[in-house]
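Some notes on the structure that comes next.
The values are calculated or read from the model by the stated rules, or taken from the named source; none is laboratory data. Remember, it's a predicted structure, so these values are computed and weren't measured experimentally. Note: ideal-geometry Cβ built from the backbone for every residue, glycine included; neighbour counts use all protein chains shown. These accessible areas exclude ligands, DNA and RNA; they are computed on the full protein's heavy atoms, side chains included. Shrake-Rupley method; radii C 1.70, N 1.55, O 1.52, S 1.80 Å.
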Amino acid sequence: MDSSSSTGRGNSEPAGSPLAAAAAAVPEPAEFTLTQVAEADFPTEHGQFRIYGFEGRTRTETGVNLEEAVALVMGDVHSGTAPLLRIHSQCLTGDVFHSLRCDCRAQLEIALKEVSAEGRGLIVYELQEGRGIGLMNKLRAYELQDHGADTIEANEQLGFESDLRSYLLPGALLLHLGISAVRLMSNNPDKVRALEEAGVRVVERVPCIADHHESRRSYLETKREKMGHLFE
Ligand SMILES: [Zn+2]
């Protein structure tokens with residue numbers, strides 16, 4: 001098993017790598033540690049990927065916060081134009097059960113198809129359900145939404161910020177894989193900023209727009225009106 005670990009500011013590249021200098025400039029807090037847990041072949045309906053497992057540990061005042069993420073990598077992502085990237089946050093209800101309460105699975109499928117069409121690119125899958133609030137709380141939020149709250153109001157009624165995601169882990173694992181610039185598939189300008197803060201340059205934002213579906217109309221309207229997502 002190929003395994004490696006890195007701590008602190010940009011030590012995730014091997015010494016002497018052409019990317020080591022770029023990685024050294026990453027504004028990564030010293031208390032964040034990235035570990036590559038595994039790498040393997042990964043054939044899918046969308047083509048041949050490599051699959052990587054990563055752990056990110058952030059030391060906080062109350063202890064160590066562990067996050068996990070999977071990266072799918074197709075083709076040569078190191079030469080030529082910046083590769084396509086989609087950062088997907090785990091959505092059991094959408095990804096597994098094809099829920100129409102949200103557009104998560106539709107966006108994941110668009111990303112897989114576009115990466116496959118280009119023959120190169122990356123999908124980062126973050127194991128944090130419901131933008132970080134967890135599956136049970138996401139279901140509680142659905143219950144509140146059935147009684148009239150929108151997705152943000154529901155999270156706030158449960159005592160959570162509307163979006164708990166940070167891109168420290170995706171940023172660190174991309175730099176570890178030698179990726180310092182991407183074409184980000186996202187409708188969310190905040191994601192562009194968050195990824196750049198995590199040290200990865202976004203040379204282009206590529207829209208990732210799911211087909212209209214009545215069941216998720218109000219969810220997408222909240223995303224546009226309250227979260228600044230662009231559905232041009
Ligand atoms: Zn979803």
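Tell me yes or no: at least one residue of the stretch 148-169 is farther than 23 Å from residue 65 by Cβ, out of contact with any strand residue (DSSP E or B) (no Cβ under 9 Å at 6 or more places or on another chain) and polar (S, T, N, Q).
Taking the stretch 148-169 first, the residues farther than 23 Å from residue 65 by Cβ are 148-154, 157.
Among the residues that remain, those that are also out of contact with any strand residue (DSSP E or B) (no Cβ under 9 Å at 6 or more places or on another chain) are: 148-154, 157.
Keeping just the survivors that are polar (S, T, N, Q) gives 151, 157.
Yes, the stretch 148-169 has at least one match.
Scanning the stretch 36-61 for residues that are touching a strand residue (DSSP E or B) at 6+ places or on another chain (Cβ under 7 Å), open to solvent by 60 Å² or more (accessible area, probe 1.4 Å) and more than 12 Å from residue 73 (Cβ to Cβ) yields one hit, 57.
Taken over the stretch 86-96, the residue count meeting the criterion of being surrounded by fewer than 20 Cβ atoms within 10 Å (Cβ to Cβ) and of a type in the set (A, V, I, L, M) is 2.
Going by what's in this entry, would residue 89 be described as closer than 23 Å to residue 212 by Cα, at pLDDT below 95 and of a type in the set (S, T, N, Q)? The answer is yes for residue 89. Pairs meeting the criteria (first residue in the stretch 52-81 and free of Cβ contacts under 8 Å to residues at least 12 places away in the same chain and at negative phi, second residue open to solvent by less than 80 Å² (accessible area, probe 1.4 Å) and in a strand (DSSP E or B), beta carbons under 6 Å, at least 6 apart or on different chains) are 65/58. The residues listed here are 211, 146, 150; of these, the one that is over 14 Å from the mean Cα position of the chain (by Cα), without any contact (Cβ under 8 Å) to a residue 12 or more places away in the chain and open to solvent by 20 Å² or more (accessible area, probe 1.4 Å) is 146.
For the stretch 75-96, name all the residues that are near the ligand (Cβ under 10 Å from one of its atoms) and not in a strand (DSSP E or B). If you could, list the steps in order and put the result at the bottom.
So the first thing to find is which residues in the stretch 75-96 are near the ligand (Cβ under 10 Å from one of its atoms), and the list is 88-95.
Once the filter is applied, which keeps residues that are near the ligand (Cβ under 10 Å from one of its atoms) and not in a strand (DSSP E or B), the stretch 75-96 yields 90, 91, 92, 93, 94, 95.
For the stretch 97-138, filtered to residues that are of a type in the set (Asp, Glu) and open to solvent by less than 20 Å² (accessible area, probe 1.4 Å), the residue that is nearest to the ligand (Cβ to nearest atom) is 103.
Scanning the stretch 214-232 for residues that are open to solvent by 70 Å² or more (accessible area, probe 1.4 Å) and in a helix (DSSP H, G or I) yields a count of 7.
The condition of being more than 16 Å from the ligand (Cβ to nearest atom), at pLDDT 90 or above, surrounded by 16 or more Cβ atoms within 10 Å (Cβ to Cβ) and of a type outside the set (S, T, N, Q) holds for only one of 19, 72, that being 72.
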